[in-house]
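Every number here is computed from the coordinates shown, using simple stated rules; none is lab data. Since the structure is predicted, the reported quantities are computational estimates derived from the model, not experimental observations. Here the Cβ positions follow ideal geometry from the backbone for every residue, glycine too, while neighbour counts run over all protein chains shown.
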């Protein structure tokens, strides 16, 4: 056991767990933040995607010890009200989720794409490349493409206010 | 227990039963915290429900209108992505004329008042409740009108309703439903209600946003795996990798040395490790040493199962359908086509692996679970704990995908067993490997077809012999699921001689319902074979099908619409080819045209044009979602997904070797809904069957070689 200090959704956080424990299970079981989902445990499905220092990362394959001193953002911290990040607004407008289980990961991956500094509006090919690591068994892919385009518009200040 | 897809005629019979049942409305009164409570019985049509139907009717759907104007709909159908919370609310809200923004939904624990079988399966939720929910809404609305009329001292005919209020048309005075609820609860319920003319619908038929989206994009939605109970331990189970095997002995000394591990208990399905978090439980399981008694299936393989099917297909099986004399017609045919089609076992692999949280106490048991069938979960827990069913509370969580898998109660059984043995609340989580290797699978199937056409290109004979693994009973030697979509082939009325027979065959592999059930493989078989027969007849695949569908206007309608919208027969980009397939399952009809190219041995599906006729549409956007969803679910197994068996166990373990369709492979799916006033059909399972044959028929055009095996193999593209 070892204490690990990091920033979680903008606030300091300390956890005392085995150092090999994946961030996913620290979030879900130790801290009770269940918005980040377990899908495969092998970085194959993207359901557990969070941001570490702004980059999309698979929390199932991230040992907690490697997070020390870093800044972690989860779906719970993506926006103040849980609905107002441009990607969340676009997801709401396009009514993307079906079962919804993969959507935290989809949204975190899409948010990293949209928020990438200096990025241009993504093409379908950009979206496919960024999002192909995120599985959806309900088949929301067509809605996701539409919503990422919408999110890019919102980010650029075109529509979708409030 | 029945989760099967249901043929149209049975669905229609059921709708008539609903219409003729004037006693569906049963109970009104005050809610526990005031307001108006209206309860209804929504008949179900499963086997258990049929038994229950012999008992006095019970209530299973409620509308509660609170003094604060909130309207709470108690909905007995789990939300697994198919949109039931939204679409069933739309039906109630339409006739009730309530304010959509003030609606809440809740899913109750199964109780006798909810009748026989509480569950969501068979694409039945809308089509079996539509008429009764309309009546429920209207009954409540009439009582609110009556209460307002009494308050104003006017004739109820002078009142109308709008967005959660009764309006006095003479004075424009307005009373909200909430302010009338207590008075309405004292009014005798009307015995005869007439329903809105559909042309006045404001909510049904509209693409209203789903009620569950905000929760699901903010991380707040609670799925089964998100349940948390004070004092709970986290559990995983080591199970015998071979189906039917069991624990011979185990040594947990190394497990107990793993940090955080609290208990190790043996349960019927294996050895459970309990720890202070899921990760530590998984680490503890890795350290466990178990000697397995692998049982009778230890040498089973996919190749042996295939050989068994092949051998059986050489001799006649139990007859599932016989029209005319197919053998004589085949012998007399101008051209005869023989072909064998095969499909493998498949896993459901919903994104949320199986899990269940249970707290067994001497006086009761709580279960938090993502389940499709609450009644099965409750009965399972009651049987293990020996507690009466009313002491078992089922808390229904959101389902991270169902697809038939969550109709099972094996994961409920494990969690309850562990909590009972350990004496603490327990959250059981299956790893992805557990989920994929201990699924209840879509059966593998082997089908041997014969077909004959006469000199004019008319189809005169159709035969099919199916060998497959049954899982839900055999009647007169026939496994109905194994021949669904073949024995009741949609073209049946156009074929004079038909013989379909079946060999239900035990393979030792546990199987269950998988989205669209028998149609999931049989429509691939039949729609590919019909294409072969079109070739033998020298006819265009669409034209050939049209000639068989003269007496089937809804099938013909979707075929014509899909062909027209896809531009069938018109020039395509170089290297692109069209294939078509259609089916009638779950009381709906759909046709798909796939646009496909094959380059360097790789298939690219560019577009699927789908025409769907599912009767009255409650929410077009949700129908469109389900059409896309069904197509994605069928396309992965068409292109690469398969479960294979070696040494009695599943070879595949995770998404690296059972890889579902990904976004970069997603075709454009264009959905065309046929306007209809027919009773609603199902939608969740409608489009899964057609995509594989539509793609395979296009690949045939591209490469000139028939695809008779799923998934499509490299050798089929050479």
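With Cα atoms as the point set, the radius of gyration and Dmax of the protein assembly as shown evaluate to 27.7, 83 Å. Peptide A:28-36 is shielded by partner chain Cβ atoms: per residue, an average of 5 of them sit within 10 Å of its Cβ. A Förster distance of 41 Å, applied to the separation of the beta-carbon atoms of residue A:146 and residue B:314, puts the FRET efficiency at 0.20.
By the equivalent-ellipsoid construction on the alpha carbon gyration tensor, the range B:377-494 comes out with semi-axes of 45, 15, 13 Å, ordered largest to smallest.
Classified by the C-alpha gyration tensor, the range B:575-668 has an oblate form. Its axis ratio a/c, with a ≥ b ≥ c, is 1.5 or above, and a/b does not exceed b/c. As a calculated quantity, the FRET efficiency between residue B:325 and residue A:153 at R0 = 60 Å, using C-beta atoms, amounts to about 0.40.
Output the peptides B:245-256, B:267-278 sorted from most to least packed, where packing is the average of other Cβ atoms within 10 Å over each peptide's residues. Can you show the working numbers first?
Details: B:245-256: 15.1, B:267-278: 22.3.
Output ranking for B:245-256, B:267-278: B:267-278, B:245-256.
The distance separating the Cα centre of the range A:57-136 from that of the range B:415-479 comes to 36 Å. Under the shape rule built on the C-alpha gyration tensor, where the axes satisfy a ≥ b ≥ c, chain B is oblate, since a/c reaches at least 1.5 while a/b does not exceed b/c. Only helical runs count toward this figure. For chain B, summing -39,500 (n - 2.57) over DSSP H runs of n ≥ 4 and dividing by all residues gives -9000 deg cm²/dmol at 222 nm. You can think of it this way: the chain between residue B:151 and residue B:701 has 190.8 nm of extra reach, that is 0.36 nm per residue less the Cα-Cα gap. In plain terms, the residue of B:499, B:440 with the fewest other Cβ atoms within 10 Å comes first and the most crowded comes last, giving B:440, B:499.
Ordered by packing density, taken as the mean number of other Cβ atoms within 10 Å over each peptide's residues, highest first, how do B:173-185, B:524-536 rank? Display every interim value, and only then the final one.
Values: B:173-185: 20.5, B:524-536: 24.3.
In descending order of packing, they fall as B:524-536, B:173-185.
Taking label points 7 Å from Cα along the Cα-to-Cβ direction, residue B:206 and residue B:574 give a separation of 5.1 nm.
For the ranges B:66-75, B:283-292, what's the packing order if you count other beta-carbon atoms within 10 Å of each residue, average per peptide, and put the highest first? Working shown, then result.
Values: B:66-75: 19.9, B:283-292: 18.1.
Ranked by mean Cβ neighbours within 10 Å, highest first: B:66-75, B:283-292.
Which of rounded, prolate, oblate describes the range B:214-366, given a ≥ b ≥ c as roots of the alpha-carbon gyration tensor eigenvalues and a/c under 1.5 marking rounded, otherwise prolate only if a/b is larger than b/c? Write down the numbers at each step before the final one.
Values: a/c = 3.33, a/b = 2.03, b/c = 1.64.
Prolate, because a/c is 1.5 or more and a/b exceeds b/c.
Calculate, for residue B:335 and residue B:475, the FRET efficiency according to 1/(1 + (r/R0)^6) with r their C-beta to C-beta distance and R0 35 Å; round to the nearest 0.05. Approximately 0.50, to the nearest 0.05.
In this label model, residue A:11 and residue A:129 are separated by 3.8 nm, measuring between points 7 Å along each Cα→Cβ vector. Available extension along the chain between residue B:656 and residue B:303 is 124.8 nm, counting 0.36 nm per residue and deducting the alpha carbon span. Hey, how much of the P(r) for the range A:86-159 falls beyond 18 Å, as a percent of Cα pairs? Roughly 28 percent, rounded to a whole number.
Take each residue of peptide B:662-673, count the partner chain Cβ atoms within 10 Å of its Cβ, and average: the result is 5.
Dividing the convex hull volume of the Cα atoms of the range B:74-119 by its residue count, what figure in Å³ per residue is obtained? Can you show the working numbers first?
Details: hull volume 3.9 nm³, N = 46.
Considering the Cα atoms of the range B:74-119, their hull volume per residue is 85 Å³.
Within chain B, antiparallel bridges make up roughly 75 percent of the DSSP beta bridges whose residues both belong there. Could I have the simple spin-label model distance between residue B:104 and residue A:116, label points 7 Å from Cα toward Cβ, reported in nm to one decimal? Roughly 4.4 nm, to one decimal.
Taking the number of Cβ atoms within 10 Å of each Cβ as an exposure proxy, the fewest-first ranking of B:240, A:45 is B:240, A:45.
Over the whole of B:350-359, what's the average partner chain Cβ count within 10 Å per residue? Rounded to a whole number, please.
Working: counts 6, 17, 9, 6, 0, 1, 0, 0, 0, 0.
Average neighbour count from other chains, rounded to a whole number: 4.
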